[in-house]
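Visitor: This is the structure I have questions about; it appears just below.
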Amino acid sequence: MAEPRLVENYHPQTASQRRIPESIVFWDETLRDGEQTPGVHFSPEEKLRVATLLSEIGVSVVNAGIPVVSEEEARAVRLVASAGLKAKVLAAARTVPADVDAVIRSGATHIAIFVAASQVHLKYKLRMTQEEVLAVSLKSVRQAKEAGLHVAFVTEDTVRAPFDFVERLYREVQDAGADRLVVADTVGIMTPLTFRWYLTEFQRRVHPKDLSVHCHNDLGLAAANTLTAIECGARAPHVCVNGLGERAGNASLEEVVVELEALYGIHTGIQTERLTELSRLVEELSGIPVAPNKALVGYNAFSHEAGIHTHGILANTLTYEPLQPETVGARRQMILGKHTGKAAVVEKLKERGITAPDPLLLELLHRIKTGTESRSKDDLRRFLREYRHLFERPGLSDDEFWTMVDALGIAAVTT
Ligand code: MN
């Protein structure tokens, strides 16, 4: 990465509690879980563009999708798998022979085989017993291994499943040849402390050769929990660009990478200075806008308005920024507005080589403040209304759905 300015947060007392693996395998899920963000659809060509950039910046594993989903999805996986990327191309499969077969035929070298583990999933979704789940898992793992694939085994909702079942299932699939074991916090209910306990116990009971985690952001803890998992020895964290994914999304690639680089001084092998470029590409292709206050890649991540802050930043950026915006390929912005102070105005005038006497500076400052305070918010409100409307129903509209129903002649059942 571009010369990181490390955060001065290093407390040697905490070092002994960390078991961060030598090399981190970033496993990107943008094109699978990220595509499951409501309303998101990537064409095969768009998947290739994202996968190519992910590979270029140093991501190790790219999940290209679930080929059994549709013809187009299968074509997308084949397109990505045959592009000669440096990153390993992975595709996902349920514990169903046809799913595994579709991955084998896709040309992907890596497979993620997933099945649910918790009682609530087994009882209400799969309607399977633990014995049945174990049997189909072993069968699928063996099927994929026989085809020469690198096999990761994932259970949905791992952390809410009975631990005895988790232990038995993961031990047996590992014995059957699974290369990597993934623990999933599918509904995002772990905290860093509970996850630390969980993973320590998982490692003691299962002895995974290679541990991976899949964290969701339902309560805003995905990146924190992922970082905790890495501290506990997890080597292959699942991440998504811009934190995309089902519901509130997954752990954000840019957050986890930069946390490791900036907070621990770890060389992740990721070109962090291209993270903003990657974020913008995924924002454009997914149609999901990045929140202005999103960490690292949001518009406001390196923006300053308040006088006290801009004054500090102009003197030394370390006063109000943990790292340089160039670290992620972003630019610092000084926003002139209600909270602006004199120093920011002086700095702004310098852009045209102007130095103004104090009385004029104060008058200019006064006009900036009253100008922004009196500015009409109508445009902004109209924009937000239109924007909301766009995202209220990003999938098929009701009209489109009922037109299809009518076209097929599907009639109401009358008894
Ligand atoms: Mn997920």
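None of the figures in this text is laboratory data; all of them are computed from the coordinates on show. Every value quoted in this text rests on a predicted model; they were computed, and no experiment measured them. Because the Cβ atoms are built from the backbone with ideal geometry, glycine has one as well, and the counts that use them run over all protein chains shown.
Visitor: Please rank 349, 285, fewest neighbouring Cβ atoms within 10 Å first, as an exposure proxy.
Guide: Ordered by Cβ neighbours within 10 Å, fewest first: 349, 285.
Visitor: Further question: Going by alpha carbons, how many degrees (0 to 90, nearest 10) lie between the helix axis of 192-206 and the longest principal axis of the chain?
Guide: Tilt relative to the chain: about 30 degrees.
Visitor: Separate question: Using a Gaussian network model of the chain whose springs link C-alpha atoms within less than 10 Å, name the residue from 274, 180, 171 with the highest mean-square fluctuation.
Guide: Of 274, 180, 171, the most mobile in the Gaussian network model is 171.
Visitor: With the cut-off at 1.5 for a/c, could you classify the range 314-396 from its C-alpha gyration tensor as rounded, prolate or oblate?
Guide: Here the range 314-396 falls in the oblate category.
Visitor: What is the spin-label model distance, in nm, from residue 280 to residue 412 if the labels are put 7 Å beyond Cα along the C-beta direction?
Guide: Result: 5.2 nm between the two label points.
Visitor: Next question. May I ask you to evaluate 6.51 cos²θ - 1.76 cosθ + 1.60, the Karplus curve with θ = phi - 60°, for each residue of the range 212-227 and list the ³J(HN,Hα) values in order in whole Hz, giving x for glycine and proline?
Guide: With coefficients 6.51, -1.76 and 1.60, one gets 10, 9, 10, 10, 9, 10, 3, 10, x, 10, 4, 5, 4, 5, 5, 4 Hz.
Visitor: Here is a further query. Connecting C-alpha atoms closer than 10 Å in a GNM of the chain, tell me which of 61, 80, 206 has the biggest fluctuation.
Guide: Looking only at 61, 80, 206, the biggest GNM fluctuation is shown by 206.
Visitor: Cut-off under 25 Å on the C-alpha distance; same-chain residues fewer than 8 positions from residue 125 excluded. Which lysines are left, in chain and number order?
Guide: 139
Visitor: Additional query: How many nm separate the modelled label positions at residue 109 and residue 131, each set 7 Å beyond the Cα in the direction of the Cβ?
Guide: In this crude label model, residue 109 to residue 131 measures out at 4.0 nm.
Visitor: Using R₀ = 35 Å, calculate the FRET efficiency as 1/(1 + (r/R₀)^6) where r is the Cβ-Cβ separation of residue 389 and residue 172; round to 0.05.
Guide: Result of the calculation: an efficiency of 0.10.
Visitor: Here's a follow-up. Would you kindly give the portion of the calculated P(r) for the chain that falls above 30 Å, as a percent of all Cα pairs?
Guide: Considering the chain, 50 percent of its Cα-Cα pairs are separated by more than 30 Å.
Visitor: I need 164, 210, 185 ordered by Cβ neighbour count within 10 Å, fewest first. All intermediate terms of the calculation are to be shown ahead of the outcome.
Guide: On the way: 164 10, 210 17, 185 27.
The fewest-first ordering by Cβ neighbours comes to 164, 210, 185.
Visitor: Report, in degrees rounded to the nearest 10, the 0 to 90 angle that the Cα long axis of helix 71-81 makes with the longest principal axis of the chain.
Guide: Compared with the principal axis, the helix lies near 70 degrees.
Visitor: List the lysines whose Cα lies under 22 Å from the Cα of residue 350, skipping any in the same chain that are fewer than 8 positions away.
Guide: Answer for residue 350, where 22 Å is the Cα cut-off: 338, 342, 369, listed by chain and number.
Visitor: Enter the angle in degrees (range 0 to 90, nearest 10) between the Cα long axis of helix 358-374 and the first principal axis of the Cα atoms of the chain, meaning the one along which they spread out most.
Guide: Once rounded, one gets 40 degrees.
Visitor: Any idea how far apart residue 120 and residue 370 come out in nm if each label point goes 7 Å out from Cα toward Cβ?
Guide: Inter-label distance under the simple model: 5.8 nm.
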